[in-house]
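Notes follow the structure.
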Amino acid sequence: MTELTGGPSLPQERRVVTAIPGPKSLELQARRTAAVAAGVGSTLPVFTTRAGGGVIEDVDGNSLIDFGSGIAVTSVGNSAEAVVRRATAQLADFTHTCFMVTPYEGYVAVCEQLAELTPGDHAKKSALFNSGAEAVENAVKIARAYTRRQAVVVFDHGYHGRTNLTMALTAKNMPYKHGFGPFAPEVYRVPVAYGYRWPTGPENCGPEAAAQAIDQITKQVGAENVAAIVIEPVLGEGGFIEPAKGFLPRIAQFAQDNGIVFVADEIQSGFCRTGQWFACEDEGIVPDLITTAKGIAGGLPLAAVTGRAEIMDAAHPGGLGGTYGGNPVACAAALGAIETMRELDLNAKARRIEEVMKGRLAAMQEKFPVIGDIRGRGAMIAIELVKDPATKEPDAGAAGALAKACHAAGLLVLTCGTYGNVLRFLPPLVIGEDLLNEGLDIIETALAAL
C-alpha cells in the first residue's frame, strides 16, 4: 500500500501532541522571518517533515489530516511509489540537458500521454513548462500567433496566475494584483455563471450569463478581435464556482463560430480532481487548448499546454520554451503520477470522496445556516459561508475562524473566494475514508463552536 501512504512507516492517523504550530515550528518560523521575503505567505506555519496518503507530519511530531494537497497538487498522495521510483531513476541518469538543447524521451512520452488523455480525438500536440501561470501565458501566445489577433477574454472570479499577463487575466485584486500594476493590455473581463449569486436564480443563470458575456464581447471588444477565451471549467481561487449548466457549451460554441481559440484552464481541476480526467468533460466541452499543471506530476514542477496540432504549431520554431520547461525528473514524475491515477482509478476515488463529503456537508447545512452553498465536483468541494441565508451576505470572518479552528484540531483546510468566505476541500485522492470522515467531524465540531 505504499502508493497510499508515501511509505509504510507513515501512519495514517491524526495526532496532535503540541499546540499547532508547535515549539520547533515556531523556532523555524523565526528563522524564516529573518531569511524569507515577507510577501511569501503561508496558510499554516507548521514545518513539514514527511507527508503521504492523507496526512502531513510536522517537526513537532503532529500529524495533520490533509484537506489541501498542496493546493490540488499531490492528488496521487505525497511521495507516491511510482512517482518516487521513476523520478529517482531519472535523477541517477541525468537531471537536466534543456530540451531545447538536447531532447530526451520523457518529454515526448508526457506529450503522448497528454494527447491520449485530454478531450477530443483530433490530432494534438503539447509544449511543457514549469508552472500553471507559464502554461496560461504560453496558451495566450499560441492563440495570438494562430489567430493574428490580440484581445483575450476572461471571466469574473477567474484566477490564472501571478506573472504580469496572468495577473491581468486574474479577477481578484488582493492579494494577487494589489500594487503590482500596470498590467498587460488587451484583456477583457465578462460575467460568469455564478449560480448561487445570480440575481434571477440558478435555474436561469447559465443562458442569461452566457448571453450577457457574449453581448459584452460583441459590443465592447468585437469578436473578430479576440484571440482567446480563457476559462476554468471549475473556477478555483474564485470560490470553486461551477458555471451553471449550459454556460460553458454556449461560450465554447461562440468561440468556434467566431474563430476564437477556446482555452480551458484545468490547472486546479485537471487530472482526476473532479472525478473525470478533466472537468470540461462534464458537459462534453472539447477545448482548442487545455492548460495543466498542479496534479500532473505528483508534486514536481511541471505544466503543459495541449491542443489542436494546427494551433500548437502556429508559433515559430524557438518561439516556445524555457530553460527548465519539461525537466526530465519532473517528466518522469508525471509518468509515475499518471500510472498511479490509472492503476488506482483515482477518478472513481474522487467521485466517492464527493459522495461522502456532500452527504455529510448537506446534513451540516441543515443545522448551521452559516453554510449558504455547497458546491464542486469530485474531490474539489467547497462551502460558501454567509451571515444570513436570505441576503447571502458573505461571511469572511466565519471562514477565517472556521479554518483556524480546524488547524488547531489537526485538519489542514484552505480558504478561497472573491469575498474570502469560501472554505475549500482538496483532499488527496488516495485519502482513507476514515480520515476523510474524521476531518468532516472536525469541521462539524468547529461549525458548532462558531
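Residues of the range 246-261 that are in contact (Cβ under 8 Å) with a residue 60 or more places away in the chain and either surrounded by fewer than 23 Cβ atoms within 10 Å (Cβ to Cβ) or among the basic types (K, R) (or both): G259 alone.
Pairs are defined by a Cβ separation below 6 Å, a sequence spacing of at least 6 or placement on different chains, a first member in the range 223-245 that is in contact (Cβ under 8 Å) with a residue 12 or more places away in the chain and at positive phi, and a second member that is in a strand (DSSP E or B) and aliphatic (A, V, I, L, M); the pairs so defined are G239/V422; F240/A382. Only one of these conditions is not met by D395: (1) surrounded by fewer than 16 Cβ atoms within 10 Å (Cβ to Cβ); (2) acidic (D, E); (3) in contact with a strand residue (DSSP E or B) (Cβ under 7 Å, 6 or more places away or on another chain). Which number is it? D395 satisfies all of (1) surrounded by fewer than 16 Cβ atoms within 10 Å (Cβ to Cβ); (2) acidic (D, E); (3) in contact with a strand residue (DSSP E or B) (Cβ under 7 Å, 6 or more places away or on another chain) except (1).
Assess whether R189 counts as being in contact with a helix residue (DSSP H, G or I) (Cβ under 8 Å, 6 or more places away or on another chain) and either under 20 Å from T291 (Cα atoms) or not hydroxyl-bearing (S, T, Y) (or both). Here the answer is no, as R189 does not meet what is asked. A single entry from L414, L346 fulfils the requirement of being more than 13 Å from F240 (Cα to Cα), touching a helix residue (DSSP H, G or I) at 6+ places or on another chain (Cβ under 9 Å) and either at pLDDT 95 or above or not aromatic (F, W, Y) (or both): L346. Residues that are farther than 15 Å from R308 by Cα, touching a helix residue (DSSP H, G or I) at 6+ places or on another chain (Cβ under 8 Å) and either among the polar types (S, T, N, Q) or surrounded by fewer than 22 Cβ atoms within 10 Å (Cβ to Cβ) (or both) within the range 94-129 comprise F94, T95, H96, T97, Y104, Y107, A109, listed in sequence order. From the list E203, E224, the lone residue that is among the charged types (D, E, K, R), over 25 Å from A390 (Cα atoms) and either crowded, with 23+ Cβ neighbours inside 10 Å or over 24 Å from the mean Cα position of the chain (by Cα) (or both) is E224.
The set of residues from the range 291-347 being among the hydrophobic types (A, V, I, L, M, F, W, C), assigned to a loop (DSSP other than H, G, I, E, B) and either surrounded by fewer than 24 Cβ atoms within 10 Å (Cβ to Cβ) or not assigned by TED's automatic domain parsing to the domain that holds Q90 (or both) comprises L300, A314, A315, L320, L344.
Rundown of residues vs (1) of a type in the set (D, E); (2) free of Cβ contacts under 8 Å to residues at least 60 places away in the same chain; (3) part of a loop (DSSP other than H, G, I, E, B), yes/no style:
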{"site": "E203", "(1), (2), (3)": "yes, yes, no"}
{"site": "A209", "(1), (2), (3)": "no, yes, no"}
{"site": "Q220", "(1), (2), (3)": "no, yes, no"}
{"site": "V263", "(1), (2), (3)": "no, no, no"}
{"site": "G270", "(1), (2), (3)": "no, yes, yes"}
{"site": "P287", "(1), (2), (3)": "no, no, yes"}
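Of the numbered criteria (1) touching a Gly at 6+ places or on another chain (Cβ under 7 Å); (2) surrounded by fewer than 22 Cβ atoms within 10 Å (Cβ to Cβ), the one D282 fails is (1).
Residues are listed down the side, and each one gets a yes or a no for (1) charged (D, E, K, R); (2) within 30 Å of K387 (Cα to Cα); (3) touching a Phe, Trp or Tyr at 6+ places or on another chain (Cβ under 6 Å):
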{"position": "G270", "(1), (2), (3)": "no, no, yes"}
{"position": "Q276", "(1), (2), (3)": "no, no, no"}
{"position": "A279", "(1), (2), (3)": "no, no, no"}
{"position": "T306", "(1), (2), (3)": "no, no, no"}
{"position": "I353", "(1), (2), (3)": "no, yes, no"}
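Assigned to a helix (DSSP H, G or I) and farther than 30 Å from T445 by Cα, is that true of M364? No, not satisfied. Within the option set P233, P207, P249, being within 19 Å of A139 (Cα to Cα) and not β-branched (V, I, T) holds for one residue only, P233.
The values are calculated or read from the model by the stated rules, or taken from the named source; none is laboratory data. Small disclaimer: the values here were computed from a predicted structure and weren't measured. We place every Cβ from the backbone using ideal geometry, glycine too, and count neighbours over all the protein chains shown.
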